[in-house]
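> Dumping the structure here so I can ask a few things about it.
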Amino acid sequence: MRNTARWAATLGLTATAVCGPLTGSALATPDAAPASLYAPSALVLTVAHGDDVTMATPVRAVTLSCAPTPSGTHPAAASACAELRGVNGNFDALQSREGVLCTKQYDPVVVTVDGVWQGQRVSYERTFANECVKGSYATSLFAF
């Protein structure tokens with residue numbers, strides 16, 4: 001009987017020590033320290049064929065995370081993150097290279113970007129006349 005009482009007391013004290021902090025005001029108070037020192041930057045980029053995203057057929061999609069280090073399935077994550085930092089996340093500020101010659105064939109390519117850039121929700125869509133025009137941009141962000 002003594003071992004049973006000792007075992008029950010040990011189990012009760014252990015349960016109180018483990019579960020005690022999870023009850024009462026401990027659950028109601030938020031953590032004072034942030035979970036990360038970096039604002040989240042996680043994007044999903046897609047390429048599709050069509051006039052706009054609603055009528056387009058998706059071809060490829062990649063992920064891009066820029067904080068704390070570049071990662072994701074994007075083939076050039078480090079340079080894509082550097083380019084985005086260089087334009088402060090303004091996708092419209094990305095410019096095409098001078099002197100690139102493309103045909104005037106209209107075969108629209110739609111690029112979309114959805115996610116979070118430095119803690120702010122972003123959604124971007126751009127239609128290029130064809131794959132050559134999309135490739136004329138001096139950026140590795142759209143090169144996937």
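> What trypsin sites (Lys or Arg not before Pro) in the stretch 46-120 are in a loop by DSSP, with at most 11 other Cβ atoms within 10 Å of the Cβ?
Answer in residue order: ARG97, LYS104.
> Search the structure for amide H atoms under 5 Å from the amide H of SER65, placed 1.01 Å from N in the peptide plane, and list their residues when 5 or more places away or on another chain.
LEU43, SER71, GLY72
> Which residues in the stretch 41-84 place their backbone N less than 17 Å from a point set 7 Å from the Cα of ARG97 along the Cα-to-Cβ direction?
76, 79-80, 83
> Here is a follow-up. So what are the radius of gyration and Dmax for the Cα set of the stretch 59-144, in Å?
According to the Cα coordinates of the stretch 59-144, Rg and Dmax are 13.2, 41 Å.
> Between the stretch 96-134 and the stretch 67-88, what is the C-alpha centre distance in whole Å?
Rounded to whole Å, the Cα centres lie 17 Å apart.
> With the other protein chains left in place, how much accessible area per residue, in square angstrom, belongs to the stretch 66-106 at a 1.4 angstrom probe?
I get 67 Å² per residue for this part.
> Among PRO75, PHE91, THR103, which residue has its Cα positioned farthest towards the positive end of the charge dipole of the stretch 50-105, with +1 placed on the Cβ of Lys and Arg, -1 on the Cβ of Asp and Glu, and the dipole taken about the Cα centre?
Toward the positive end, the furthest listed residue is PRO75.
> Would you please name the GluC sites (Glu not before Pro) within the stretch 33-134 that are DSSP coil residues with at most 14 other C-beta atoms within 10 Å of their C-beta?
GLU98
> Turning to a different aspect of this structure: Taking amide H atoms as placed 1.01 Å from N in the peptide plane, list the residues 5 or more away in sequence, or in a different chain, whose amide H sits under 5 Å from that of TYR137.
HN-HN under 5 Å from TYR137: ARG97.
> Then there's this: Can you give the relative contact order of the stretch 35-144 as a percent, counting alpha carbon pairs under 8 Å and 6+ residues apart?
32
The values are calculated or read from the model by the stated rules, or taken from the named source; none is laboratory data. Since we're looking at a predicted model, the values are computed, not measured. Backbone-built Cβ (ideal geometry, glycine too); neighbour counts: all protein chains shown. Surface accessibility is based on the protein's heavy atoms, side chains included, excluding ligands, DNA and RNA. Shrake-Rupley method; radii C 1.70, N 1.55, O 1.52, S 1.80 Å.
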